[in-house]
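A short reminder: the numbers here are calculations on the coordinates, not readings from a lab. The structure presented is a predicted model; accordingly, all values stated were derived computationally and were not measured. All Cβ positions, glycine included, derive from the backbone under ideal geometry; neighbour counts span all protein chains shown.
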Amino acid sequence: MESQSTVLRVFTCCARAIRKHKLIRRESAKDKEFHFQNWVGSRLTETKFHYETGGT
């Protein structure tokens with residue numbers, strides 16, 4: 001059951017961000033790949049969930 005509540009919390013955070021016009025935006029014109037990942041990362045940070053980023 002914990003995974004369902006986790007999914008719901010993340011989904012709710014994403015929906016709330018969209019309603020507040022925190023939309024997915026590129027950091028710069030050169031940012032062609034990571035803008036969605038950065039946006040989701042910001043939402044996960046807002047939920048205070050621990051997560052690890054790959055590739056670093």
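Obtain the nm distance between the two label points defined at residue 11 and residue 32 by a simple spin-label model: each point lies 7 Å from its Cα along the Cα-to-C-beta direction.
Simple spin-label model gives 3.4 nm for this pair.
Rounded to the nearest 10 degrees, what's the angle between the helix 2-19 long axis and the longest principal axis of the chain, both from Cα atoms, 0 to 90?
50
Name the residue farthest towards the positive end of the dipole of the stretch 11-50 from the options 17, 38, 50, assuming +1 on Cβ of Lys and Arg, -1 on Cβ of Asp and Glu, about the Cα centre.
So the residue we want is 17.
Under 28 Å between alpha carbons, and skipping anything fewer than 8 positions from residue 30 in its own chain: which lysines qualify?
Within the straight-line limit of under 28 Å, residue 30 reaches these lysines: 20, 22.
So, with +1 on the Cβ of K and R and -1 on the Cβ of D and E, and no other charges, what is the size of the charge dipole of the chain about its Cα centre, to the nearest 20 debye? Present the calculation step by step, with values, prior to reporting the outcome.
Values: 11 positive and 6 negative charges, 77 e Å.
Value, rounded to 20: 360 debye.
For Cα extents along the principal axes in Å, the choices are (1) 30, 26, 18; (2) 41, 30, 14; (3) 57, 32, 14; which was calculated from the structure?
Read-out from the structure maps to (2).
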